[in-house]
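J.: Mind looking over this structure? Questions follow.
Each value in this text was obtained by applying a stated rule to the coordinates, not by laboratory testing. Because the structure is predicted, anything quoted here is derived from the model rather than measured. Reconstructed Cβ throughout: ideal geometry from the backbone, glycine too, with neighbour counts over all protein chains shown.
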Amino acid sequence: MQINSPQLTSGWGNNFHSLSSRAAASTVEQIQELVSTSKSVRGLLPIGLHRSYGDSALNSGGTLIDLAAFNGISIDMQSRTAVVGAGVTVAALERAALEKSLFPPVVPGTGFVTMGGAIAADIHGKSHHRTGSFSQCVRRITLMLASGGIVNLTPNDPEFWATVGGLGLTGVVIEIEIELHALQSNSVDVIEHRVKNLSEMIELLNRSDNDYEHTVAWIDLSGDYRGRGVVSLGNYGSTPVKAKESESTGPSLPSLAGKNFITPLTVSAFNEIWYRKPLKDGAVALTKYMHPLDGISHWNRIYGDTGFLQYQFVIDIGKEEIFDRLFRGLRDLKAASFLGVLKKFGNASQAPLSFPRSGWTLTLDYSMAVPGLEQFLRGFDEELVAAGGRVYLIKDSRVSPELIPLMYPQINQWRDIRRTMDPTGLWQSDQARRLHLC
Ligand SMILES: Cc1cc2nc3c(=O)[nH]c(=O)nc-3n(C[C@H](O)[C@H](O)[C@H](O)COP(=O)(O)OP(=O)(O)OC[C@H]3O[C@@H](n4cnc5c(N)ncnc54)[C@H](O)[C@@H]3O)c2cc1C
């Protein structure tokens with residue numbers, strides 16, 4: 001099994017680089033060989049497509065195991081289930097399922113996420129208020145433990161829930177069995193509404209829970225930060241549409257010589273155009289609706305060499321006043337966000353480290369070059385925790401370790417189960433070390 005010499009790797013935010021070796025495994029035996037011969041104190045980490053923003057999929061001084069070759073998909077029409085390899089992308093599963101008028105019930109904002117990454121983050125999509133997170137449609141996970149042994153885990157096993165949202169730290173997901181949703185067509189019936197401020201946005205999202213399977217709002221966090229935006233509501237449709245492939249077909253943003261094109265001016269101009277764009281009212285291709293940015297690959301290059309961070313948190317219903325505090329602080333810093341998204345979550349899964357739980361989740365992107373941003377967010381993290389909120393670890397590269405037990409109060413339960421699955425600490429990541437997770 002060949003292990004490539006160390007090279008610099010970063011997450012999607014390109015804000016943190018780490019030097020690690022990499023091995024592309026194509027058989028279970030090859031992963032077992034890596035496990036049995038690993039001598040590095042920095043251990044091993046399974047990875048997908050590095051769509052996590054921060055340091056979840058990095059392991060400096062250790063070895064990353066690339067599972068792209070685990071790309072099998074088999075769909076059983078009768079039971080409406082798919083058995084997929086860990087390296088299968090959401091986009092590939094969508095394509096195979098659509099041919100049979102089926103679709104994964106939970107998909108994230110990009111199709112370039114692997115099944116392994118989807119489990120490790122317990123990802124959520126626009127349907128969370130109805131379907132919950134990814135784990136809710138997973139029937140089985142086949143996992144390689146630190147011993148090299150293979151186990152099949154179902155939702156009856158505590159190890160299943162430790163692996164869901166477990167950030168790759170319980171073992172290598174090799175295969176999963178997932179339930180699919182039956183479709184009438186390849187479209188979503190979408191209706192968009194322009195709203196003038198945050199209260200209107202919240203009110204409309206609250207009202208739409210019962211009537212729409214997919215809800216999300218784009219929020220303008222530039223200019224005066226009133227929280228104006230566009231609310232998008234959708235239901236699986238019955239009108240077939242011509243769907244453009246979502247994978248690798250769009251243009252790729254060139255490297256832009258490492259320059260950061262995100263300034264308060266460019267962001268405000270973009271947000272103004274987005275706010276005024278014609279509103280959708282009708283059938284839209286499912287894949288296009290679910291993954292609006294996938295038409296442009298490497299869009300993260302727009303932030304240049306310094307990279308960016310995505311800050312996503314969830315806060316209980318009734319704690320909305322925290323948004324005012326956040327918006328005021330960001331306005332004072334002149335920190336304009338290119339992509340703000342507000343979504344109402346439904347119920348949490350039972351995984352101790354799963355992020356989504358009932359409440360509001362807000363997602364913001366910021367260039368790392370904004371002066372004072374880190375200091376402000378450190379203060380805001382504390383207020384968030386005091387208000388009972390938490391950040392999404394798969395997007396994180398900066399939160400303080402002391403806040404983790406407050407954000408994720410079941411972490412000790414997770415640690416206990418993890419220890420039985422990996423007593424020697426084979427699975428490691430930069431994030432796990434930074435946040436003292438294990
Ligand atoms: C444009 C964009 C939009 C996004 N939208 C959403 C969204 O709507 N909702 C959402 O929840 N997330 C979203 N994300 C985040 C993304 O879904 C997660 O970061 C996901 O984990 C990335 O998967 P990946 O295959 O790239 O894995 P990587 O980033 O390579 O790895 C992520 C984690 O998964 C672990 N892992 C990977 N493969 C395996 C395996 N086989 N076994 C065990 N562990 C494994 C890694 O160790 C690491 O901890 C978005 C990301 C981007 C870039």
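J.: Rank-order 386-396, 312-322 by packing density, defined as the average count of other C-beta atoms within 10 Å over each peptide's residues, highest first.
T.: Details: 386-396: 20.9, 312-322: 16.5.
Put in order of decreasing packing, that is 386-396, 312-322.
J.: Right, next: Please arrange Ser36, Ser185, Ser56 by how many other C-beta atoms lie within 10 Å of their C-beta, fewest to most.
T.: Details: Ser36 9, Ser185 17, Ser56 28.
Lowest count first: Ser36, Ser185, Ser56.
J.: So, in Å, what gap is there between the alpha-carbon centers of segment 262-320 and segment 80-153?
T.: If we compute the Cα centre of each part, the gap is 24 Å.
J.: Can you pull the three principal axis extents for the Cα set of segment 296-438, in Å, largest first?
T.: Computed over the Cα atoms, the extents are 47, 39, 30 Å.
J.: Take every Cα-Cα distance within the chain, group them into 20 Å bins from 0 onward, and report for each bin the whole-number percent of pairs it holds.
T.: The distribution over the chain is 26, 61, 13, given as percents.
J.: What residue among Gly329, Ile262, Gly346 has its Cα farthest toward the positive end of the dipole of the chain, where the charges are +1 on Lys, Arg and -1 on Asp, Glu, each on the Cβ?
T.: The listed residue farthest towards the positive side: Ile262.
J.: Sticking with this one: Taking the Cα atoms of segment 65-202, what is the range of coordinates along each of the three principal axes, in descending order and whole Å?
T.: Reported extents, whole Å, longest axis first: 56, 34, 28.
J.: Something else now. Send over the Kirkwood Rh of segment 13-87, from the inverse of the averaged 1/r over different Cα pairs, rounded to one decimal Å. If you can, show how the numbers build up before the last one.
T.: Details: mean 1/r = 0.0718 Å⁻¹.
Across segment 13-87, the inverse of the average 1/r is 13.9 Å.
J.: Place the peptides 121-132, 367-378 in order of packing, highest mean first, counting for every residue the other Cβ atoms within 10 Å and averaging per peptide.
T.: On the way: 121-132: 23.2, 367-378: 16.4.
Ranking, from highest mean packing down: 121-132, 367-378.
J.: Just round it to a whole percent: the fraction of Cα-Cα distances in segment 273-339 exceeding 21 Å. Could the numbers behind the result be given before it?
T.: On the way: 1156 of 2211 pairs.
In whole percent, the share of Cα-Cα pairs in segment 273-339 beyond 21 Å is 52.
J.: On alpha-carbon atoms, Rg over Rh for segment 1-46 using Kirkwood Rh? List each step's numbers first, then the result.
T.: Numbers: Rg = 12.0 Å, Rh = 11.9 Å.
The Rg/Rh ratio comes out at 1.01.
J.: If r is the Cβ-Cβ distance from Thr154 to Arg419 and R0 is 30 Å, what FRET efficiency results, to the nearest 0.05?
T.: Numbers: r = 21 Å, r/R0 = 0.71.
After rounding, the FRET efficiency stands at 0.90.
J.: Using a cut-off of 14 Å between beta-carbons, work out the net charge of the residues near His129 (Lys and Arg +1, Asp and Glu -1, His129 not included). Intermediate values should be presented prior to the final figure.
T.: Numbers: positive: Lys126, Arg130, Arg207, Lys343, Lys344, Arg357; negative: Asp209, Asp211, Glu213.
After counting each charged neighbour, the total is +3.
J.: Which percentage, to the nearest 5, of the DSSP beta bridges contained in the chain is antiparallel?
T.: 85 percent
J.: Can you give the charge dipole size of the chain about its Cα centre, rounded to the nearest 20 debye, using +1 on the beta carbon of Lys and Arg and -1 on the beta carbon of Asp and Glu?
T.: On the way: 41 positive and 43 negative charges, 117 e Å.
For the chain, the charge dipole is close to 560 debye.
J.: Tell me, what is a quarter of the convex hull surface for the C-alpha atoms of segment 187-400, in nm² with one decimal?
T.: On the way: hull surface 50.5 nm².
Its Cα hull, projected and averaged over all orientations, spans 12.6 nm².
J.: Residue farthest toward the positive end of the dipole of the chain, with Cβ of Lys/Arg at +1 and Asp/Glu at -1: which of Ser74, Gly125, Val190?
T.: About the Cα centre, the residue reaching furthest to the positive side is Val190.
J.: Of the beta bridges DSSP finds with both residues in segment 1-151, what % are antiparallel, to the nearest 5?
T.: Values: 12 of 20 bridges.
Of the beta bridges lying entirely in segment 1-151, close to 60 percent run antiparallel.
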